[in-house]
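Here's the structure we're looking at; comments come further down.
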Amino acid sequence: MRATRLQNKVCYGLLILTVLAFTKCTSSSGAAAGWEKKNKELIAQHKLTERPLPALPATSVNTNLEPAQVTGLTKLDSVALYPGISAKMFWGTGVMVSTLQLAPNATIREETLPADRLLFVLEGTINQSVDGSPAAMTARKREAPDGRHSGTPKMDFVYLEKGTRSAVTAGASGAKLLEVYSPFRLDYLQKAGVQNLPAQVADIKAALAPNIEPRKVYDLYDIQLTPLATGAASRLVSAKNVQLSFISMDPNSVFPHHIHPEEQMMLVLRGACNEILLDGEQAMKAGDVVRIPANMVHGARIGELGCDALDIFWPARADYLQKEKTGKTAFNAIIPQNAKLELVVDGKKTKPELTFTEGPKWMGGKVYFSNMYFDENFGANPKRSSLVALDPDGSYRNISEGKMQTNGLYPYKNGNLLVCDMMGHRVVEMTTKGEVVRVVADKFEGRPIDGPNDVITDAKGGFYFTDPQFTMEAEKFQPGRAVYYVSPGGKITRITKPNEFAMPNGIVLSPDGKTLFINNCYDDESWYPVKSDKDNFIWAYDVQANGTISNGRKFAQLVLPETVLDRKGKSSSADGMAIDKLGNLYVATYCGVQIFNEKGAYVGMINLPSFPVSLCFGDSDMKTLFIVSYSKVYKIRTNMQGFVNYL
């Protein structure tokens, strides 16, 4: 008893010191007690419109986050919830958030959930039981790609409604979870030592319709990014009474003073920003959290690494849901809502073995693609490479083997293929039996071309190819990486300046032949020898009568993964591209297949287990997208008819 009283006195003293410290450090920025008056002045100053939300339930539970005061999760007490399971918890007016650390094989025995819950697996694996039915859930970090493999991130989550029976068991390596409850979970608060708790907490009555189904396990990376503002896009997960916005904000972007009627708690996941709070700014880094009350004036200045954050809104934002609906409508106009990514070939389980698949094109009822051999360090070996013919049912065979390490392909005259023999420093015409008919390009200005990568024909019978000099020779033949045009008569013209692109890779023509699109695979990397102003953009050019190009302009900005942003790079790993008859562009990148409309606006992304290398349209109606990714070939149905220039 004495120990308890002493502990209470210490806690009370610490609380007084915390309040005094809070008042001292925030009074200069207007974030101290009485912030509402300053907020009113700022609303008027910035000509904002306050919008109260009626009929929100009141609660007698005080939040453990002061308004507009940044704190770190490390500063929050760790609470023992169950044997082998501890948590850091913070809560606002209507939402409670817990990060749980589970020891190996730790268990939360079956319980009836007292509130709606969203559960995300941040690290490790768990077995989640839902009303007695088991579901395996996992998290996976992005793997650094090499010449043999890659892995894209995964974060499984599930939404369970109040009254659902739930049990959780961690895997053999333990797990880290994120739980979001609305309304509060009183037993958690009790374990955290919160006093004078009410018997129950009221919930929102006029809830919005969720954008996810309860009891269904999702991968967060299958949720489409919704553009929210210039420089910001988010994966939105909305339940009945709470909304989670996994937002990514571009490096050095600025979001000016604004307000919204929903309370917001912001948890920084990666990168950093200066959060504008009232008339001051506070630095935020990974692991920092802040509570922004309804209609509080705020904004943000994003750091040079960009910033990924989890914004938790109570109640859910109707305006965000409308933006998501608009985005989904545009995406589903291209990729049907019920379309599923299908594995056609796993080249590690079938023969001949596939290693690094590239350059697919549909012709004569088959997909032709290169099977390039690389070691982990991207060391090439033409003798272990091949060119493959794939039937839509998944059966395939080599048509050329051990002769050359080919890359991009394109249908050519007489039912033959144009083939980039990358390590052989040439572009050849080849039959579908693998016989080289002739060399169509191997020199420019008397010197060998380096490593032709991707190729596309025009309606006149000429063709374009990229040369990023991705070859094994330390000394290159040409003065830099470039794009070339070969006229129908065989004249070769370099149409971009050497090293104008850091690494020109994928190339495609618009269906009318008037616009040429070129992407930039790598840029702004300490380990890469060239830097350019092309960054992570697809560039568009007007095509002239003689095949040359002019009026270069940014067409579409490619989403970058967090690993690239963390090193201040601009490498999207943009590789193969495809285009449909309406001009929608499909680009294989680190993050997945990114889709842009004919104006360059972002439409959505196809998520894969490993990053896609290239893709093409195929099938009898040309509405199936075939996607190659290392040793695997996938397909997905679309609503669009792909464009291929068959001569």
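Between residue 610 and residue 582, what is the label-point separation in nm under the 7 Å Cα-to-beta-carbon projection?
3.3
Going down the table (361/623; 154/216; 154/635; 154/191), which pairs top 22 Å between alpha carbons?
154/191
For a Förster distance of 45 Å, can you work out the FRET efficiency between the beta-carbons of residue 48 and residue 375, rounded to the nearest 0.05?
Result of the calculation: an efficiency of 0.20.
What number, rounded to the nearest 500 deg cm²/dmol, is the helix-based mean residue ellipticity at 222 nm of the chain, given -39500 (n - 2.57) per DSSP H run of at least four residues and division by all its residues?
-3000 deg cm²/dmol
Find how much the distance from residue 431 to residue 391 grows on full extension, using 0.36 nm per residue of separation minus their present alpha carbon separation; answer in nm with one decimal.
Between residue 431 and residue 391, full extension yields 12.7 nm more.
Calculate one ³J(HN,Hα) per residue across the stretch 240-245 by plugging θ = phi - 60° into the Karplus curve 6.51 cos²θ - 1.76 cosθ + 1.60, and present them in order as whole Hz with x for glycine and proline.
5, 10, 8, 9, 10, 10
Rounded to the nearest 0.05, what FRET efficiency do residue 279 and residue 230 have when you use their Cβ-Cβ distance and R0 = 25 Å?
0.60
Net charge within 15 Å of residue 303 by Cβ-Cβ distance, Lys/Arg positive one each and Asp/Glu negative one each, not counting residue 303 itself?
That sum, taken over residues with Cβ under 15 Å, equals -3.
At a 10 angstrom cut-off on C-beta neighbours, averaged per residue, how do the peptides 301-309, 234-242 rank from highest to lowest?
On the way: 301-309: 20.0, 234-242: 23.2.
Highest-to-lowest ranking by the protection proxy: 234-242, 301-309.
As an exercise, identify the trypsin sites (Lys or Arg not before Pro) in the stretch 466-519 lying in DSSP coil whose Cβ has no more than 12 other Cβ atoms within 10 Å.
491, 514
What net charge do the residues around residue 576 carry, taking every other residue with its C-beta under 13 Å from that of residue 576, with Lys and Arg at +1 and Asp and Glu at -1?
In short, -2.
What are the ³J(HN,Hα) couplings of the stretch 500-505, residue after residue, when phi is run through the Karplus curve with 6.51, -1.76, 1.60 and θ = phi - 60°? Round to Hz, x for glycine and proline.
4, 9, 5, 8, x, 10
If you count, for each residue, the other Cβ atoms within 10 Å and average over each peptide, how do 536-543, 444-451 line up from highest to lowest?
536-543, 444-451
What distance in nm separates the two pseudo spin-label positions at residue 527 and residue 445, each 7 Å out from Cα along the beta-carbon direction?
Taking the simple label geometry, residue 527 and residue 445 are separated by 3.1 nm.
What is the local net charge at residue 513, summed over the other residues whose Cβ is closer than 14 Å to its Cβ (Lys, Arg +1; Asp, Glu -1)?
0
For the residue pair residue 597 and residue 475, what label-to-label distance in nm results when each label sits 7 Å from Cα along the Cα-to-beta-carbon direction?
That separation, rounded to one decimal, is 5.3 nm.
Does the chain classify as rounded, prolate or oblate by the C-alpha gyration tensor (a ≥ b ≥ c root eigenvalues; a/c under 1.5 gives rounded; else a/b over b/c gives prolate, otherwise oblate)?
Judged from the Cα gyration tensor, the chain comes out prolate (a/c at least 1.5, a/b above b/c).
Label the stretch 53-334 by shape, choosing from rounded, prolate and oblate, from the square roots a ≥ b ≥ c of the eigenvalues of the Cα gyration tensor; if a/c is under 1.5 it is rounded, and otherwise prolate applies when a/b is larger than b/c, oblate when it is not.
rounded
Can you give the FRET efficiency for residue 510 and residue 326, using 1/(1 + (r/R0)^6), R0 = 30 Å, r = Cβ-Cβ distance, to the nearest 0.05? Walk me through the intermediate numbers first.
Working: r = 25 Å, r/R0 = 0.84.
After rounding to 0.05, the efficiency reads 0.75.
Using DSSP to define loop residues, name the GluC sites (Glu not before Pro) in the stretch 459-545 whose beta-carbon has at most 12 other beta-carbon atoms within 10 Å.
Answer by residue number: 473, 475.
Going by average Cβ neighbours within 10 Å, how do the peptides 583-593, 461-471 rank, with the highest at the top?
Working: 583-593: 24.7, 461-471: 22.9.
Listed from highest to lowest mean packing, they are 583-593, 461-471.
Going from the alpha-carbon gyration tensor of the stretch 223-279, what semi-axes, largest first and in whole Å, does one get by taking the root of 5 times each eigenvalue?
19, 16, 11
Values in this text are rule-based calculations from the coordinates and carry no lab data. Computed from a predicted structure; not experimentally measured. Glycine also receives a Cβ, built like all others from the backbone with ideal geometry; neighbour counts cover every protein chain displayed.
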